[in-house]
Amino acid sequence: MPLYYFLTIYTCAVTSMILSLLLMGVSIRQDESLKKYRTARWCLCIAFLVFGIANLFQASMEYDGKEEALTGVMMILIGSVQAMMFTMVALVFIRPSVVTLRNVVIQLAVILLLSGFLFIARFTFPLNVFYVIYYVFILGYVLLMATYTYIFVRSYKVFKKQMLDYYEDEELLYRMRWIQWIFWSALVVGVLALMLITDNHYVNMVFTSLFTAYFVFVTISFINYQQYAQLIVRAYGDETQEVQQETVQDMPVHVVHADVEKLKASIDEWIRQKKFVETDKSVDEIASELDTDCNTLREYFNNVIGEDFRSWRNRIRIEEAKRLIDSNPSIKIMEVMTLTGFNDRPYFYRIFTKIAGMSVAEYRNTKEN
């Protein structure tokens, strides 16, 4: 085995184990609502350690001149653990209630036992029998990836609805799109793991490096975005609260004329105070500021204003952005975003273009000219 390959595999293995230690040292507030977030942290730590240890074993085995046919077994083990762990991590963020430590331990134990059986089979069964078992395991690995994909997609739909119902803020989902990136990039890496079932040193080296780069991305995302865990917990609560909330929201609400006039006056004052630029507030909190409840608020906007609250607030924000540009065409875009309640630049550009009919740069050019 070439020395550069040996050094690359060992470097990636050590890096993944360092990342695991780094995550172990991440400070997470001792709050019961963040219990699942701490579980996600340990899932990542285990995934990184398994990757590191497996690669150390693989590199040492090959460097000693032993049979390289076990590379595929190592990749099935690594890929299966990664698929399970990163799916659990993604689910912690979008459906915390469906992830339990017991489920994680059971799935991990099954994967390790089956991988151990495959490893032993390599030395105890005839080669042709081993390869039959081996390809059955590859098929099982593909089915595992498909199952986790189905679980994530279904759970993300529930998560998206829950977040929009609670915050009425589509931008918040854009700011949390890293959660999707974690899962889909993990799926890509898992599929690429099948390409590692080869004796080609160059292929192994490149994709092992990609695994490690992905781990760095996940670690940075996990540390930088842990602030969103609390927002998701607020929106979700537990499954009982979820069902109760859906039941209440389905109840018809009739807004009488007196309520309309009162709510209209409250909204006018809310706009005058520029409350529409405040972010990460639930519909209940906004309704409380308007001296009403969330069901009446939704009914008012849908039946009286003619659009939902989310679309209306975006329109008000963009009108404010246009006013700021009109008064000062040289104002920086980031400043406009901050002053109008947007936190995500791509989302701001998309909404501005949709409502104003032109990009923010085009609009500013018309004012400068």
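The values are calculated or read from the model by the stated rules, or taken from the named source; none is laboratory data. Being a predicted model, the structure only gives us computed values, none of them experimental. No Cβ is skipped: glycine too gets one built from the backbone with ideal geometry, and neighbour counts run over all protein chains shown. Protein only, heavy atoms only, side chains kept; ligands, DNA and RNA dropped before computing areas. Shrake-Rupley method; radii C 1.70, N 1.55, O 1.52, S 1.80 Å.
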* When only Cα pairs under 8 Å and 6 or more residues apart are kept, what is the percent relative contact order across the stretch 19-168? -> 25
* Give me the angle, in degrees from 0 to 90, between the Cα long axis of helix 227-236 and the longest principal axis of the Cα atoms of the chain, rounded to the nearest 10. => 70
* Asked: Points 7 angstrom from Cα along the Cβ direction at Val132 and Leu22: gap in nanometres?
  -> 4.7
* Residues with beta-carbon under 14 Å from that of Asp344, excluding Asp344: net charge, scoring Lys, Arg +1 and Asp, Glu -1? -> +1
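Sum up the charges of everything whose Cβ sits under 12 Å from the Cβ of Leu34, counting Lys and Arg as +1 and Asp and Glu as -1, but leave Leu34 out.
Taking every Cβ under 12 Å from that of Leu34, the sum is +4.
Filter Lys264/Lys354; Lys275/Lys322; Lys332/Lys367; Lys36/Lys275 down to the pairs with a C-alpha to C-alpha distance above 21 Å, please.
Over 21 Å apart, Cα to Cα: Lys264/Lys354; Lys36/Lys275.
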* To do: Please work out how much accessible surface Asp326 shows to a 1.4 Å probe, ignoring ligands, DNA and RNA, in Å² rounded to 10.
  => 70
* Structure fact -> The relative contact order of the stretch 1-52, taking Cα pairs under 8 Å that sit 6 or more residues apart, comes to a percentage of 53
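Given a Förster distance of 56 angstrom, what is the FRET efficiency for Trp270 paired with Val142, based on the Cβ-Cβ distance and rounded to 0.05?
Details: r = 53 Å, r/R0 = 0.95.
Efficiency at R0 = 56 Å is approximately 0.60.
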* Structure fact -> Note to self: Kirkwood Rh of the stretch 64-169, Cα pairs, one decimal, Å, is 15.8
* Asked: Which value at 222 nm does the chain reach when only helices count, each DSSP H run of 4 or more adding -39,500 (n - 2.57), with the total divided by all residues and rounded to the nearest 500 deg cm²/dmol?
  -> -26000 deg cm²/dmol
* How high is the FRET efficiency between Tyr10 and Leu101 when r is their beta carbon distance and R₀ equals 35 Å, given to the nearest 0.05? -> 0.65
* Asked: Does the chain come out rounded, prolate or oblate, given a ≥ b ≥ c as the square roots of the eigenvalues of its C-alpha gyration tensor, rounded meaning a/c under 1.5 and, failing that, prolate meaning a/b above b/c?
  -> prolate
* **GNM result for the chain, Cα springs below 10 Å: residue of Gln107, Gln162, Gln30 fluctuating most strongly** => Gln30
* Asked: Nearest 0.05, what FRET efficiency do Arg323 and Gln227 give at R0 = 41 Å with Cβ-Cβ as r?
  -> 0.85
* If one takes the longest principal axis of the Cα atoms in the chain, at what angle in degrees, from 0 to 90 and to the nearest 10, does the Cα axis of helix 101-124 lie? -> 30
* To do: Find how many whole Å separate the alpha carbon centroid of the stretch 25-48 from the alpha carbon centroid of the stretch 334-369.
  => 38
* Structure fact -> Taking Cα pairs closer than 8 Å and at least 6 residues apart, the relative contact order of the chain in percent is 17
* Asked: Around Ser330, with a cut-off of 10 angstrom between Cβ atoms, what is the net charge of the other residues, counting Lys and Arg +1 and Asp and Glu -1?
  -> +2
* Structure fact -> In nm, the gap between the two label points placed 7 Å beyond Cα toward Cβ at Val158 and Val110 is 1.8
* Asked: Pairing the Cα long axis of helix 201-224 with the longest principal axis of the chain, what angle in degrees results, from 0 to 90 and rounded to the nearest 10?
  -> 40
